[in-house]
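Dropping a structure here in structure tokens format, bear with me for questions.
The values are calculated or read from the model by the stated rules, or taken from the named source; none is laboratory data. What you are looking at is a predicted structure, and each value in this text was computed from that prediction instead of being measured. Here Cβ is always computed from backbone atoms with ideal geometry, including for glycine, and neighbour counts include all displayed protein chains.
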Amino acid sequence: ADVEINVGFENAVTEPCSIAVEKWAELVDEKSNGTMKLNTFPNSGLGKKVDLIDQMVMGQNVITVADGAFLAEYGVPDFGIFYAPFMFDSWDEEWRVVDSDWYQGLCDELAEKGRIRVLASNWIYGARDILSTKKVVLPEDLDSLKLRVSSNDLSITSFTDLGANALGMDMGDVYQALQAGTIDAVENPITSLANRSFQEVAKYLVKDEHILATSMWICGEDFYSTLTDEQKQILTESAEEAGLVNNDLYDQATEEAEQLLVDAGVEITELTDEQKAAWIEAGQKFYNEDAAGLGWSEGLYDTVKAAGQE
Amino acid sequence: MKKTDKKAMLLNIDVVIASVAMCALVLATFAGVIARYILSKPFGWTEEVQASLIVWVIFGAAGAAFRTGNHAAIEIFYDMFPAAIRKILNVIILAITVITICYLGYASLEYLKLFATTGRKTSVLHWSYITIYCIVPISCLWQIFNFVLTTIFGYSEQETIESITDEEFEEAKKKG
Amino acid sequence: MKTVVIISAICLLIMLFMKVQVYVAVLAASAIYFIFAEGTNPAMFAQLTISGASGISLLAIPFFVMAGVFMNYTGVTRRIMECCSVLTSRMYGGLAQVNILLSTLMGGLSGSSLADAAMECKMLVPPMEAEGYTKAFSTVITAASGMIVPLIPPGTGLIIYACINNISVGKLFVAGIGPGLVLSVTLMIFTRFVAKNRGYMPKRTEKIPASEKIAAIKPAILPMLLPIIIIGGVRIGIFTATEAGTVAIVYSLLLGILYHEMKASDFLKGCKETVTTTASIMMIVAAASCFSWILTKEQIPQTMAAWMTGHIANKYIFLIICNIFLIVVGMFIEGNASMIVLGPLLHPIAVAFGIDPIHFAMVYIFNCTIGAFTPPMGTLMFVTCGITKCPTKEFIKEAIPFYILFAVDMLVLTYFPPLTTFLVDLVY
Ligand code: NA
Ligand code: NA
């Protein structure tokens, strides 16, 4: 192949994301008549996400997957809104935002300031829920709950504002930490929770869906600009098509994961509209008090809400 | 104070730096346990501090590890060669080591340049990655210096790894 | 396969055998790749090396090294050893047995064979030498018993393997107990024979009076509480396994103050020993992780695995080839890294051959660990030799009978699945 690109990501091969990445590689191969090739490296086999992003900034032929909180740290803090609590009411609202001019502008800013090009943003990562060893129904139950979150400013700030004792911890330590009671809870999409067998050691799940998390596939702007227009189009088009495959698989995978949780004796709490409203209300503290400290643009919340209007 | 003592003290500045980083690493981690378990108010910054300090411990002491003879090597085949060939090998080993560590130093400067252009900082504490990683190129120069000092000038600081048992201590006392 | 990778691998072997410092040899081999391979960048070389050294998951290593060092300076080690020495004085190779037992008990906690072996090299090898064991034998027994560690729950290797291949962490934890115990027991039996052969004879033949035992145990009570505090603290969730290292450090410092055995100058010496030992271990780990990355990126283990599995039609042949292949891979690639790259390739094939996934996991993990004990590139071997300053030549000579023992254990583990699956079936 003329162009070879290494795609590194964290997911295990059995997860929907990995299956869809293989589909992406297949599509790229087909559409380019074999002149372009994606080499896939699941399980962070090619390295940690931060390292891969550094490599792409150095001009390497690398693609990886990131989320809003991650991209916020590469010169465009506004990306963080995709990882903020209770920001979007539905996936459709989020897709409208991703299709908006505002989002296109955000991506261009990232390409300029962070030297990172967003290839596709239509991949569902999953609705993030809280799995805990003590029952949680309402935000006040988070009080004094030691909750493992992603180790970044945005997650720690927003969950602290929700009332939890948020802390970062290596994902590899979480199973033991839950089992021993070092921490009380962990938040992630159900599929990821089940993949790491956390249901064996924590028996309460609240489907608060605090973040409807999407994945952004990214590559280095310097490498991207070496591609011809046709190659760029093949890469991004296939990425979006594979994204649809991912989203189809996601529903089924979530159902299966939920069944695994039920089989393991996890008590799953579905929120009533009232309860959900209480969560959204609790989430507002973050937007009102602390979001500004993260370097967000003036009135970002309203801008994004407007961009998500039908 | 003897001249050699002064020299050793000056050389051991790297050990001091690495030890301070190591103690800070232990304290930060231990404080994290107390904050989480006793105060129920875990720190958000523990991981970041750990990942930064460990770089200073390792690269801070990498040069000193030459002086204390801690860096391992396989000597089986080397020992089989006659003395004349060993002399030649020594020169080659010297060259390989100096060139490799120089290259790592150069590469780490290139890596630092990346952070100079992007200005990226750690997520929670907003520490500059340049501050965290600047020890690496310095360490490379220092490693080369220590390597030359130990292999060409035969300098070494033997650390006592044997812990003396009471009997041995008594015996030593009897002998005076 | 790219020529430049083959050249750098050959250079690596030549340099290693030329007595170039291990970490320099591995870095140099990696540097060759970054200088000559197309489309690479020197900054990446630095990045991979630094990030290989600064992984949070490796913090157990410096912590347990420091704990081992301070236990020596504060008189904790001496009290424990004097007690063990009396209690085991009627056994062949008493302290060697203590060494094995300690790894089995503390094993799953540090989670890493390197952390365990590094601590025990600091703590147990000097007293063993004082009792007349050779340096090489003491070092080998410490490294060999370190191999038990990844098998015993709750080891990190087990968790990583489970997540990658989507199997239950809990089941894998239970599965590790059988093989871990078998390895531990066979090592102890084996050590007994070696000790008898060597004349590491029992120091006493008569029955030891209870009063003497009590006199030996008494001063060791507070120090002996340390393992209990560590294991208990992790089990009831006060701290994580990594943090346990710092608890051990603080506890032994407190005892040092209590015993008036810790002078300021001792503290400084202890710090120096800790940082130089840590640096030498982690530089090897960092360099090795850089070299592993190169092999992974060039898809070398993947290609070999694909070729290998494409030519096998029988479950038993598959298993034996896996044994050999994984040991060879284990020599060059750190255990967890190899699991990440090869686990997803070999696991489904094993399942397709009708091999129990949990059984295969244990075979996999054990084989990788043997690789770390094996020349030319065994990290466990380098680290223990680096700390005790045992010549690798002596180490390998001493290790030969242990290779045979591990080969037998490996065959039993591979061809007798109930060893792993029996307990799992019983519990689940
Ligand atoms: Na041991
Ligand atoms: Na190895």
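With the requirement that a residue be touching a residue at least 40 places away in the same chain (Cβ under 8 Å), at the interface with chain B (Cβ under 7 Å from one of its Cβ atoms) and not β-branched (Val, Ile, Thr), what does segment C:2-23 give you?
C:Leu16, C:Phe17, C:Tyr23, listed by residue number.
Could you please tell me which pairs satisfy a Cβ distance under 9 Å, a separation of 6+ or placement on different chains, a first residue in segment C:90-104 that is touching a residue at least 24 places away in the same chain (Cβ under 8 Å) and under 16 Å from C:Phe193 (Cβ atoms), and a second residue that is small (Gly, Ala, Ser) and within 16 Å of ligand 2 (Cβ to nearest atom)?
Within 9 Å, the pairs are C:Ile100/C:Ala144.
How about segment C:287-331: which of its residues are within 13 Å of ligand 2 (Cβ to nearest atom) and either touching a residue at least 60 places away in the same chain (Cβ under 8 Å) or over 26 Å from A:Asp51 (Cα atoms) (or both)?
Hits for segment C:287-331 are C:Ala287, C:Ala288, C:Ser289, C:Phe291, C:Leu295, C:Leu326, C:Ile327, C:Val328.
Given the criteria under 30 Å from A:Tyr175 (Cβ atoms) and within 16 Å of ligand 1 (Cβ to nearest atom), does C:Leu172 qualify?
So C:Leu172 does not fit the description; no.
Suppose we filter C:Gly146, C:Gly155 for residues that are within 16 Å of ligand 1 (Cβ to nearest atom), in contact (Cβ under 8 Å) with a residue 40 or more places away in the chain, farther than 29 Å from A:Pro42 by Cα and not hydrophobic (A, V, I, L, M, F, W, C); which single one remains?
Among C:Gly146, C:Gly155, only C:Gly146 is within 16 Å of ligand 1 (Cβ to nearest atom), in contact (Cβ under 8 Å) with a residue 40 or more places away in the chain, farther than 29 Å from A:Pro42 by Cα and not hydrophobic (A, V, I, L, M, F, W, C).
Looking only at segment A:131-156, count how many residues are over 14 Å from B:Pro42 (Cβ atoms) and of a type in the set (Val, Ile, Thr).
Number of matching residues: 3.
Which condition from (1) facing chain B (nearest Cβ under 9 Å); (2) free of Cβ contacts under 8 Å to residues at least 40 places away in the same chain is the one that C:Met81 breaks?
In the conditions (1) facing chain B (nearest Cβ under 9 Å); (2) free of Cβ contacts under 8 Å to residues at least 40 places away in the same chain, C:Met81 misses (2) alone.
Looking at A:Val13, A:Val28, which one is at pLDDT 90 or above, of a type in the set (Val, Ile, Thr) and on the phi < 0 side of the Ramachandran plot?
Exactly one residue qualifies, and that residue is A:Val28.
State all residues of segment A:73-92 that are in contact (Cβ under 8 Å) with a residue 12 or more places away in the chain and outside any helix (DSSP H, G or I); if no residue qualifies, say none.
Scanning segment A:73-92 gives A:Glu73, A:Tyr74, A:Gly75, A:Val76, A:Ala84, A:Pro85, A:Phe86, A:Met87, A:Phe88, A:Ser90.
So which residues in segment C:121-150 are crowded, with 24+ Cβ neighbours inside 10 Å and within 12 Å of C:Cys385 (Cα to Cα)?
C:Cys121, C:Lys122, C:Val125, C:Phe137, C:Ser138, C:Thr139, C:Val140, C:Ile141, C:Thr142, C:Ala143
Further, regarding this structure: Looking only at helices (runs of 4 or more DSSP H) that lie completely in segment C:315-428, which have at least 3 residues being in contact with a Pro (Cβ under 6 Å, 6 or more places away or on another chain) and hydrophobic (A, V, I, L, M, F, W, C)?
C:335-352
Okay, next question. Considering each residue of segment C:344-377, count those that are small (Gly, Ala, Ser) and within 16 Å of ligand 1 (Cβ to nearest atom), and give that number.
Residues flagged as small (Gly, Ala, Ser) and within 16 Å of ligand 1 (Cβ to nearest atom) within segment C:344-377 amount to 1.
For the condition away from ligand 2 (no atom under 16 Å from the Cβ), under 17 Å from C:Ile387 (Cβ atoms) and more than 18 Å from the chain's Cα centre (by Cα), what is the one hit in C:Phe63, C:Phe70?
Checking each option against the conditions leaves just C:Phe70.
Further question: Name the strands (runs of 3 or more DSSP E) wholly inside segment A:1-72 in which the number of residues that are under 17 Å from the mean Cα position of the chain (by Cα) and in contact (Cβ under 8 Å) with a residue 60 or more places away in the chain is 2 or more.
Counting at least 2 such residues, we get A:62-66.
Among the residues that make up segment A:195-218, is at least one of them away from chain C (no Cβ under 13 Å), over 19 Å from the mean Cα position of the chain (by Cα) and either closer than 21 Å to C:Thr156 by Cα or modelled with pLDDT under 95 (or both)?
Within segment A:195-218 (the criterion being away from chain C (no Cβ under 13 Å), over 19 Å from the mean Cα position of the chain (by Cα) and either closer than 21 Å to C:Thr156 by Cα or modelled with pLDDT under 95 (or both)), the answer is no, since none of the residues qualifies.
In segment C:379-415, what residues are of a type in the set (Gly, Ala, Ser), within 14 Å of chain B (Cβ to nearest Cβ) and away from ligand 1 (no atom under 16 Å from the Cβ)?
C:Gly386
What's the number of the only condition in (1) at pLDDT below 80; (2) away from ligand 1 (no atom under 15 Å from the Cβ); (3) assigned to a helix (DSSP H, G or I) that C:Leu109 fails to meet?
Here C:Leu109 clears every test but (2).
Pull up segment C:373-401, narrow it to residues that are within 16 Å of ligand 2 (Cβ to nearest atom) and closer than 19 Å to C:Val185 by Cα, then point me to the one that is modelled with the highest pLDDT.
This residue is C:Ala399.
Considering segment B:85-137 alone, what residues qualify as being assigned to a loop (DSSP other than H, G, I, E, B), out of contact with any Phe, Trp or Tyr (no Cβ under 9 Å at 6 or more places or on another chain) and over 19 Å from A:Lys113 (Cα atoms)?
Result: B:Trp127, B:Cys134.
Which of the residues belonging to segment C:24-58 are within 7 Å of another protein chain (Cβ to nearest Cβ), out of contact with any Phe, Trp or Tyr (no Cβ under 9 Å at 6 or more places or on another chain) and surrounded by fewer than 24 Cβ atoms within 10 Å (Cβ to Cβ)?
C:Gly39, C:Ser51, C:Ser54, C:Ile56, C:Ser57 - these are the residues of segment C:24-58 that are within 7 Å of another protein chain (Cβ to nearest Cβ), out of contact with any Phe, Trp or Tyr (no Cβ under 9 Å at 6 or more places or on another chain) and surrounded by fewer than 24 Cβ atoms within 10 Å (Cβ to Cβ).
Yes/no matrix, rows are residues, columns are (1) within 11 Å of another protein chain (Cβ to nearest Cβ); (2) out of contact with any Ser or Thr (no Cβ under 9 Å at 6 or more places or on another chain); (3) assigned to a helix (DSSP H, G or I):
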site	(1), (2), (3)
C:Glu120	no, no, yes
C:Gly132	no, yes, no
C:Ile141	no, no, yes
C:Pro154	yes, yes, no
C:Ile167	yes, no, no
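I've got another one for you. Name the residue that is surrounded by the fewest Cβ atoms within 10 Å (Cβ to Cβ), counting only residues in segment A:72-82 that are out of contact with any Lys or Arg (no Cβ under 9 Å at 6 or more places or on another chain) and within 12 Å of chain B (Cβ to nearest Cβ).
The qualifying residue surrounded by the fewest Cβ atoms within 10 Å (Cβ to Cβ) is A:Pro77.
Can you tell me which residue is farthest from C:Val275 (Cα to Cα) among those in segment B:62-91 that are at the interface with another protein chain (Cβ under 7 Å from one of its Cβ atoms) and among the aliphatic types (A, V, I, L, M)?
Once the filter is applied, the top-ranked residue is B:Leu89.
Still on this structure: Answer yes or no: is there a residue in segment C:288-309 that is away from chain B (no Cβ under 14 Å), more than 16 Å from ligand 1 (Cβ to nearest atom) and over 25 Å from A:Ile5 (Cα atoms).
yes
Restricting attention to segment C:352-372, does a residue exist that is more than 17 Å from the chain's Cα centre (by Cα) and either at pLDDT below 85 or within 16 Å of ligand 2 (Cβ to nearest atom) (or both)?
So far as segment C:352-372 goes, yes, one or more of its residues are more than 17 Å from the chain's Cα centre (by Cα) and either at pLDDT below 85 or within 16 Å of ligand 2 (Cβ to nearest atom) (or both).
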